[in-house]
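The values are calculated or read from the model by the stated rules, or taken from the named source; none is laboratory data. Everything numeric in this text was worked out from a predicted model, so none of it was measured. Please note: Cβ atoms are built from the backbone with ideal geometry, for glycine as well, and neighbour counts cover all protein chains shown. Calculation scope for accessible area: heavy atoms of the full protein, side chains included, ligands and nucleic acids excluded. Shrake-Rupley method; radii C 1.70, N 1.55, O 1.52, S 1.80 Å.
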Amino acid sequence: MFCEIANPFIRRILQEVGLVAGSMRPYVVGGFVRDSLMGKESQDLDVVVESSGSHNGITLAQKLADKWQVDVKSHQDFGTATVNHPEGLKIDFVTARCETYTQAGILPTVKFSQITDDLWRRDFSVNAIAISLSSDQFEQVLDPTNGIADLEGKRIRVLHAESFSDDPTRIFRALRYAVRFQFQIETETEKLMQSAIDRIGILSDARIRNEIERIFQEACVVEIMQWLSALGICQAICSQWQLPSDFESIWHNLQSHLEWAERHLDNDVLNAEALPWMALNLPSTGQERLSLPGRLRQKLVAHKELAQRLLYEPLTPMMKPSQIYQFLKPHPIEALVYHLPQPQIEQYLTQLRRIKPNKTGNDLIADGWTAGPNLAQALWEDFARQLDKCG
Ligand code: ATP
């Protein structure tokens, strides 16, 4: 069977890859092949090059980089390399390999191999299809695990019984693909997945964090997170973690707050990555478990503080601009955006926070004041009058 690569630009580049490869055997694999067979456009090019005992992935990447007069970024240890085609296309190269798991959940020991072994080590049959790029077999499809039948039957299926317990990140991946493509998780795969949920405990903080961040990139975050929660995966990550019962409305509101921020705020003031984490309600033990970076954790704490404060001291239409300013100034912009829509927060973000005081401490000292708390109070009073005039 052959699969014609639909995008003429990508097809031309991949033909060139096959020509430059000569006797090395390159294949495009994974998401690009899956999406192409489903008639979807993809630019995510992963090329596997069969090994003849050495790092052919890197060798081919280097040859192409020389031809296209661009740089190559390579990792000898993993046999991987990335080349950016000058017309704007990134291609990742890897030498075909098989993997053995000496310890489940930990990254595997890698051995170079042939393309078929490389396909059998993959997560699901739909991701284990290859298209040959060699000139004499260009666009020939290799499907040793029957992935095409699963694509047609809309099924996510693992390739062996230990797949999830070897690498429990595949649980997250299975849910992500099932929701994204509206596929079923095949019955046996689903049983294996459920019985491997307690293996999530062996995953490193970085790998779980990465999976959650990949979910944030999906169109159907709510469905995936709710499924994760229903399967007990949130609790397997952190026993105190409960996804909020109104997560769906929280997430939808968050999207409109982010759209508001995009329209009204300069894009350098908001660290938008913090907001999805705020929506998850991950307790501090969970934040520790995932080793969330210190700056992100500070934002999560600030968000909780603001939520508490707004509960006991709600913002009201009676507040003067100077009072709004004083109330909201100590809170980071991310926490404020999270708590939209509120007219006072909008006024602070779009107007009040940008106002510079007309007078500085030096101006007052020139007027005869001496430095100290009285001066600070006088400065604030002056600034408050200025803010209230803008209101
Ligand atoms: P997406 O559209 O989500 O990016 P993708 O298939 O491109 O899908 P990647 O995470 O970029 O996903 O991985 C590329 C390929 O590497 C996958 O298609 C799969 O074949 C393989 N792969 C990735 N992660 C795993 C894993 N944990 N176990 C086995 N194979 C994996």
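See the values below:
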{"quantity": "Condition check for Ser204: without any contact (Cβ under 8 Å) to a residue 60 or more places away in the chain and either open to solvent by 30 Å² or more (accessible area, probe 1.4 Å) or farther than 30 Å from Gln351 by Cβ (or both)", "calculated": "no"}
{"quantity": "Any chance Glu334 is part of a helix (DSSP H, G or I), surrounded by 15 or more Cβ atoms within 10 Å (Cβ to Cβ) and of a type outside the set (S, T, N, Q)", "calculated": "yes"}
{"quantity": "Scan of segment 310-325 for residues that are without any contact (Cβ under 8 Å) to a residue 12 or more places away in the chain and assigned to a helix (DSSP H, G or I), ordered by number", "calculated": "Leu311, Tyr312, Gln323"}
{"quantity": "Helices (runs of 4 or more DSSP H) lying entirely in segment 106-175 (those with 1 or more residues that are more than 26 Å from the chain's Cα centre (by Cα), within 21 Å of Leu192 (Cβ to Cβ) and not aromatic (Phe, Trp, Tyr))", "calculated": "147-152"}
{"quantity": "Filtered residue count, segment 1-22, keeping only those that are assigned to a loop (DSSP other than H, G, I, E, B) and touching a residue at least 12 places away in the same chain (Cβ under 8 Å)", "calculated": "6"}
{"quantity": "Residue within segment 128-136 that is in contact with a Pro (Cβ under 6 Å, 6 or more places away or on another chain) and within 30 Å of Pro26 (Cβ to Cβ) present", "calculated": "yes"}
{"quantity": "Near pairs, Cβ below 7 angstrom, 6+ apart or cross-chain, from segment 31-45 (more than 14 Å from Pro8 (Cα to Cα) and more than 10 Å from the ligand (Cβ to nearest atom)) to any residue that is open to solvent by less than 10 Å² (accessible area, probe 1.4 Å) and in a loop (DSSP other than H, G, I, E, B)", "calculated": "Leu37/Ile129"}
{"quantity": "Unmet criterion (only one of (1) open to solvent by 10 Å² or more (accessible area, probe 1.4 Å); (2) free of Cβ contacts under 8 Å to residues at least 60 places away in the same chain; (3) within 15 Å of the ligand (Cβ to nearest atom)) for Asp143", "calculated": "(2)"}
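Table: residues versus (1) in contact with a His (Cβ under 9 Å, 6 or more places away or on another chain); (2) open to solvent by less than 60 Å² (accessible area, probe 1.4 Å); (3) at pLDDT 90 or above.
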{"position": "Gly22", "(1), (2), (3)": "no, yes, no"}
{"position": "Val29", "(1), (2), (3)": "no, yes, yes"}
{"position": "Phe32", "(1), (2), (3)": "no, yes, yes"}
{"position": "Leu37", "(1), (2), (3)": "no, yes, yes"}
{"position": "Lys90", "(1), (2), (3)": "no, no, yes"}
{"position": "Thr102", "(1), (2), (3)": "no, no, no"}
